[in-house]
Amino acid sequence: MLYSFDGKQPIVGEHSYVSELASVIGDVVIGDNCYIGHGAIIRGDYGRIEIGDGTAVEEGVIIHAPPGAVNHIGARVTLGHKAVIHGKFIGDGAVIGMGAVLSILSDVGVGAIVAEGGIVKANQVIPDHVVAAGNPAKVIREVSSDDKALWDFGKQLYIDLAQKYLDEGMEPVPL
């Protein structure tokens, strides 16, 4: 699950869970209290990836960085199942919906939400505290207090799930 590459190896913070079924390669820094789900691929092979505290990288997410660049993912970010993250910045508290694509050097603001299946184009900027959707992603509204409450709840679920995996482990079931 953790692999050194080109003289660099992943660093994983305290109380962070990295699934045995995930691949974390090279120049990757994962903060504290993170959840790295089954089948996630985090490739720090020719760029650096930084993941902030309390962030959930759900199942099937792919994260990469352009050559010589940093892909910075803030604290308490939710990266939904099967999202593809090839950007340069995701602000604290942002949500990237299931199946969304953040193309090369894209930038998603603090507390922003990219809806499920949204496509953020290369070099596109999504401002702070907005919901963006579509292909290409366009701002459709401001983040509401209901959105924030729902996603704060979801973020805590994954912090708690990471701790549960660390405490209980995962065992194969004999056939």
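The values are calculated or read from the model by the stated rules, or taken from the named source; none is laboratory data. Quick caveat: nothing in here was measured; it's all calculated off a predicted structure. Glycine gets a Cβ as well: all are built from the backbone with ideal geometry, and neighbour counts include every protein chain shown. Note: areas computed on protein heavy atoms with side chains; ligands, DNA, RNA excluded. Shrake-Rupley method; radii C 1.70, N 1.55, O 1.52, S 1.80 Å.
Which ones in segment 122-175 are touching a Leu at 6+ places or on another chain (Cβ under 7 Å) and of a type in the set (F, W, Y)? None; the set is empty. Within segment 139-157, the set of residues being in contact (Cβ under 8 Å) with a residue 24 or more places away in the chain, open to solvent by 50 Å² or more (accessible area, probe 1.4 Å) and under 15 Å from the mean Cα position of the chain (by Cα) comprises W151 only.
For segment 59-96, a residue qualifies if it is small (G, A, S), open to solvent by less than 10 Å² (accessible area, probe 1.4 Å) and closer than 18 Å to G39 by Cβ, and the qualifying residues are G80, A83.
Filtering segment 9-46 to residues that are under 17 Å from I90 (Cα atoms), buried (at least 19 other Cβ atoms within 10 Å of the Cβ) and of a type outside the set (F, W, Y) leaves V28, I30, G31, C34, I36, I42, R43, G44. Filtered by the rule that a residue be without any contact (Cβ under 8 Å) to a residue 40 or more places away in the chain and not hydrophobic (A, V, I, L, M, F, W, C), segment 24-36 gives G26, D27, D32.
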